[in-house]
Amino acid sequence: MRRRFRLSYLYVLIGVLLLLACFLLLYPARDTPAFGTQLRINVGSNLLDLVLAVLVLQPLVLSLNRNAVRWRGRLDYRGVIRRIERATDHVDVWKYWTGLLEPRFEPAFTAAVRAALDRGVRFRLLLTDPSSPDAAERARQVAPTDALALIRQNIERLDDLVRQLPERHAQLFQVRISPVGPAHACYRVDDWLSYGLFRNRRVSESDQREVRVRGDLGALALEAFENRWNAPGLLRIGDHYRVRLRLTVGDTVVEQDLRYVIHDGEHWVNVHPVAKYAFHPDHEAAVDGSRYVLADGPAGAAGDRYAAKYGPDPGVVLLRLTSPS
């Protein structure tokens, strides 16, 4: 507020100085023949120029500048990190996975994130569930690149980062995992936004469009991100990894966070850490207060999804959560 008042005073001072300069320049020439006529002509023409500039030229220039598109042959990760180092407002990332979290760039990215969080910058990262059909399709597109392993690596790094952040940064750094792949790859830092389309190679190695968030293309790209970010079915990173299962056998109650996967709308839980109680014929199971029964059976496709989500696990024991009859 104080800065706004200081600018107002500055503009008033500049206006007064300009008026004073006009008076000092024109006063000595007041006796020139036809001085009044020439003054009126000059003032009128200048006002006409001003009206044309303000109403026509300025909006046109601003629109062209706001909607300008800069094409890049590939994404410059180090350039994105440098922008994050100077960020003052928002950073949004929407990808299947991002190279910012791969070993080559992760240390610089993490350092930039921590410094930006100290300045109050808000982060929203939206990645894709590696066990989803969209992630499997993307993995087929970019083969032989192991896309599922890269997605898992991203989520693991973010999980570690979220756990290490101080409490004051918890609301500033948000990560959500989507069961649906992104419409386009999107990196937004304040008013700058870069996006690329998905083809049969990594998006970072394809053409990128750099636009302003306040422009038409930037607003459309950001609107798509906002719609997906607020869509139902997204999970926080902790909920993506674990489900809290409460098992009761007689007087014994065991409550533990377990890995799981969703297949055909049902939860398949890895009960290996609590197998002793999960296979007891008189067990009772509950998740978030809702009662279930753990049913045995061939995991099949659920087992494949579990491997895609967490990687190979020879000790996995998957049981299906079903409603009690």
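Derivation of every value follows stated rules applied to the coordinates shown; laboratory data play no part. All of these numbers come straight from a predicted model, not from anything done at the bench. Note that we place each Cβ from the backbone using ideal geometry, even for glycine, and neighbour counts take in every protein chain shown.
Inspect the stretch 95-102 for any residue being over 20 Å from Val203 (Cβ atoms) and among the basic types (Lys, Arg) and give the result as yes or no. Looking through the stretch 95-102, none of the residues is over 20 Å from Val203 (Cβ atoms) and among the basic types (Lys, Arg). Taking the criterion of being out of contact with any Lys or Arg (no Cβ under 8 Å at 6 or more places or on another chain) and surrounded by 13 or more Cβ atoms within 10 Å (Cβ to Cβ), the residues of the stretch 245-261 that qualify are Leu245, Arg246, Leu247, Thr248, Val249. Only one of the listed residues (Leu100, Leu148, Leu127, Leu172) is over 15 Å from the mean Cα position of the chain (by Cα) and either surrounded by 15 or more Cβ atoms within 10 Å (Cβ to Cβ) or among the polar types (S, T, N, Q) (or both). That residue is Leu148.
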